[in-house]
Each structure stands twice: as C-alpha cells, then as structure tokens.
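Worksheet: the structure to be examined is printed underneath.
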Amino acid sequence: MLNFMKNIRTVIFDLDGTIWNWNELLPQAKYTVEKLKEDGKDVYFITNNTVLSREGLARKLAKMGIKTSPDRIISSGYSAARYFRKKGVNSVYVIGEQGLVKELSIQDIKVNENAKHVLISVDRNFNIWKLKRAFELVEREASVYATGSYPYWQIGSNGTKIPAELPIIRALQAMKHVPVMNLGKPSEAMREAVLKTIKSFPEDTVIVGDDIYTDMVLANRCGFRSVLVLTGVTSEEEARKAKGEYKPSEIIRRLDELVSVF
Ligand SMILES: [Mg+2]
C-alpha cells in the first residue's frame, strides 16, 4: 500500500482509463473500490463524461459491480449545471447528449435555441446544423463553454476512439475565433463542485486518475494528493517528466497498488 493511503479519508476516482474503458471494467477496479470502502474510505467518482447523467453513470457502475449513488459522482455536466445556476443563467444552447440535458434540467436550466450561452460537449449526433446554430448565437455575442477539451475518448480496449469536445470546439472556432471556457476537469467550476461534495480536508483526500493534464492538475489545484495510474492516456515517461501542477504525488501501474501490501 502507498504509505500516505493510511491517513486518507476520501478517494476520488476518475472513470475513463482508470475504472473503465467505457464498456469494459479495468482489472482490479472493483476489488480496489470494495477494499477501500471496507477500510472505511469515502469513495467518489469524477468524470468529464456527459453522455450519461450522474444517475446513468451510477447505474452503469452498478451493472459492472461497483455500487455507488449519483451524489457520489461529480461529472462535468453537473459542474456546468451548477455553474450556470450560480450565475443565474436559466437557458443554454447545448451541443451534447441526453445525459447533459438531464443534468441541466435538474438545476432548472432549459435548452433553448436562442440562448445567450452555448455549451459544447460530446455529441454523437453532432451535425452542420447544430454548428450553424452555435455560430449564429456567437454572432449575437453568446458566450461559449465546454464540459472538457479532450480530442477523443476511448471505448473498450480495441482502440476505438470517438471525437470528444475539442473537434467540435475547433469547428466553431474555424468559423469565428471565440474564447471557450472549460467547466470540466481541471477548471475552477469543477474544483468548486468537488470541494462542495466531499467531506474531508484537502490533505486527507486523493484523486486517482490516468491523465496528468486533467486529473493531476485538478488534484494539485485542490491541494489533494494525486495518484497517476498508467492504465490510460498518460505514459510512464510523460508522468515522470511532469512538473508543477501536472506532477503526480505517486505513479502506480495497477489500481490495486492503492490497497495491496507488496
Ligand atoms: Mg481518464
């Protein structure tokens, strides 16, 4: 077991590349989560995935044998919805899927074709008409947000990649160069959502994830410990070279290194 884990009260796991590759549970994920819960740790999950709502994500985890409740999942859809509600924004034009729309509706934010705010996310039905509408709104001074800025997300272990937020952001910026504010990991909106959700002090909290640019940055900005697991996007070489806010406190090869005694 990693030495500092003894004193940790809260463990926050990233999902894609850490717990699962969307349709496939990663080895040791279920065991590690169960063992941590047995040891009395508070377990949460964090993701920039908006295809499902928090409720949908909890159901998907349960199907894979990991029981959790929606309020233990901090998604970028949730963080975006919180952000808009706090700002008093009650309608948004969305390029995204049902999970995101649901998360917005829980916070009383409606989807509207004439909104002053455009929110970009993963959308497997993205098309030129959605882009046209977003562009027209930007021409009318709408501000643009995104739930992340990944080029793609990986489905399963055969390497299938689905375009994520960045290709859609770039498509809009190709028409007009607008700034886009990220509301997913590692943004300030996500930091606030995390700190509001967990119940421990920062020094008793760890984020475990596979990406130095999102998970490790967010952990470091929250003042948490950070553990990089080499089952996802960041290579060992990149992780060892990482500096400043990208640098993980620890690097592990397998998730069960969090709980095993070697
Ligand atoms: Mg990940």
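In the stretch 45-71, which residues are within 13 Å of Val194 (Cα to Cα) and either hydrophobic (A, V, I, L, M, F, W, C) or buried (at least 19 other Cβ atoms within 10 Å of the Cβ) (or both)?
Kept after step one, since they are within 13 Å of Val194 (Cα to Cα), are these residues of the stretch 45-71: 45-48, 71.
Result: Phe45, Ile46, Thr47, Asn48.
Do we find that Thr10 is touching a strand residue (DSSP E or B) at 6+ places or on another chain (Cβ under 9 Å), buried (at least 23 other Cβ atoms within 10 Å of the Cβ), modelled with pLDDT of 95 or more and under 19 Å from Ile198 (Cβ atoms) in this structure?
Values: touching a strand residue (DSSP E or B) at 6+ places or on another chain (Cβ under 9 Å): yes; buried (at least 23 other Cβ atoms within 10 Å of the Cβ): no; modelled with pLDDT of 95 or more: yes; under 19 Å from Ile198 (Cβ atoms): yes.
Judged against the criteria, Thr10 is not a match.
Among Leu36, Leu104, Leu61, which is the only one that is within 15 Å of the ligand (Cβ to nearest atom) and either at pLDDT 95 or above or closer than 17 Å to Asp123 by Cα (or both)?
Working: Leu36 fails: within 15 Å of the ligand (Cβ to nearest atom); Leu104 fails: within 15 Å of the ligand (Cβ to nearest atom).
The match here is Leu61.
Considering Ala193, Ala146, Ala219, which residue is within 21 Å of Ser53 (Cβ to Cβ), in the same structural domain as Glu238 (by TED's automatic domain parsing) and crowded, with 17+ Cβ neighbours inside 10 Å?
Numbers: Ala146 fails: in the same structural domain as Glu238 (by TED's automatic domain parsing); Ala219 fails: within 21 Å of Ser53 (Cβ to Cβ).
Ala193 is the lone residue from the list that is within 21 Å of Ser53 (Cβ to Cβ), in the same structural domain as Glu238 (by TED's automatic domain parsing) and crowded, with 17+ Cβ neighbours inside 10 Å.
Of all residues in the stretch 72-88, how many are crowded, with 24+ Cβ neighbours inside 10 Å and out of contact with any helix residue (DSSP H, G or I) (no Cβ under 9 Å at 6 or more places or on another chain)?
So the count comes out to 0.
Could you give me the residue pairs with C-beta distances under 9 Å whose first residue belongs to the stretch 224-251 and is part of a helix (DSSP H, G or I), whose second residue is aromatic (Phe, Trp, Tyr) wherever it lies, and which are 6+ apart or on separate chains?
Glu238/Tyr246; Ala239/Tyr246; Tyr246/Tyr213
Any chance the stretch 161-181 includes a residue that's in contact with a strand residue (DSSP E or B) (Cβ under 8 Å, 6 or more places away or on another chain), closer than 26 Å to Pro27 by Cα, outside the structural domain of Arg9 (by TED's automatic domain parsing) and within 13 Å of the ligand (Cβ to nearest atom)?
Within the stretch 161-181, one or more residues are in contact with a strand residue (DSSP E or B) (Cβ under 8 Å, 6 or more places away or on another chain), closer than 26 Å to Pro27 by Cα, outside the structural domain of Arg9 (by TED's automatic domain parsing) and within 13 Å of the ligand (Cβ to nearest atom).
Can Ser121 be described as in contact with a helix residue (DSSP H, G or I) (Cβ under 6 Å, 6 or more places away or on another chain) and either of a type in the set (Gly, Ala, Ser) or surrounded by 11 or more Cβ atoms within 10 Å (Cβ to Cβ) (or both)?
Details: in contact with a helix residue (DSSP H, G or I) (Cβ under 6 Å, 6 or more places away or on another chain): yes; either of a type in the set (Gly, Ala, Ser) or surrounded by 11 or more Cβ atoms within 10 Å (Cβ to Cβ) (or both): yes.
Here the answer is yes, as Ser121 does meet what is asked.
The values are calculated or read from the model by the stated rules, or taken from the named source; none is laboratory data. This structure is a prediction, so every number in the text was calculated from the model and none was measured. All Cβ positions, even for glycine, are placed from backbone atoms using ideal geometry, and neighbour counts span all protein chains on display.
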